[in-house]
Amino acid sequence: MAITQAVCTSFKQELLQGTHNFTASSGDTFKIALYTSSASLGASTTAFTTSNEVSDSGSYSSGGGSLTSVTPTTSGTTAICDFADISFTSATITARGALIYNSSQSNKAVAVLDFGGDKTSTSGTFTIQFPTADASNAILRLA
């Protein structure tokens, strides 16, 4: 089993079908769930699953946390979408990766994040910091 970072293939098709709305004030609700190294997630992931999700701890509970979407924009000729950083407090968590998914649309998968190794918090704050929102680094980019 492995976690492989990818924008989910089903998400790419669903974008062309108009399934996802990233508008910050009136769009869908996007969430992020954390997973252990036993999870099997990648481009073929189509929806949120509780299989090998980290255990509830502190402010983290099954399904993860809601992301604050930043309204999509452009950087040069690239369309980008960003999310505000998210933290889970008072949590003891060991996570290898995460899944961003759309809870407003039947928990459809958006992207898999591979942390490159286990990341741990012990009775502390587990923070996911999203990259700079530009054409080279934004978490979601359409070039």
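Values quoted throughout were computed directly from the atomic coordinates according to the rules given, and no laboratory measurement underlies them. Source: prediction; values computed, not measured. Note that each Cβ is placed from the backbone with ideal geometry, even for glycine, and that neighbours are counted across all protein chains shown.
Data table
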item: The stretch 38-89, residues that are touching a strand residue (DSSP E or B) at 6+ places or on another chain (Cβ under 9 Å), in a loop (DSSP other than H, G, I, E, B) and in contact (Cβ under 8 Å) with a residue 60 or more places away in the chain; result: GLY42, ALA43, THR45, THR46, PHE48, GLY58
item: Options LEU16, LEU34; residue that is free of Cβ contacts under 8 Å to residues at least 24 places away in the same chain and not basic (Lys, Arg); result: LEU16
item: Among (1) surrounded by 16 or more Cβ atoms within 10 Å (Cβ to Cβ); (2) on the phi < 0 side of the Ramachandran plot; (3) touching a Leu at 6+ places or on another chain (Cβ under 9 Å), the one test that THR78 misses; result: (1)
item: Residue list for the stretch 90-105, restricted to those being in contact with a strand residue (DSSP E or B) (Cβ under 7 Å, 6 or more places away or on another chain) and under 23 Å from THR19 (Cα atoms); result: ALA98, LEU99, ILE100, TYR101, ASN102, SER103
item: Hey, THR127 part of a strand (DSSP E or B), of a type in the set (Ser, Thr, Tyr) and under 23 Å from THR50 (Cα atoms) or not; result: yes
item: Condition check for ALA33: of a type in the set (A, V, I, L, M, F, W, C), closer than 24 Å to GLN13 by Cα and in contact with a Gly (Cβ under 8 Å, 6 or more places away or on another chain); result: yes
item: Any hit, the stretch 99-112, residues being in a strand (DSSP E or B) and in contact with a His (Cβ under 6 Å, 6 or more places away or on another chain); result: yes
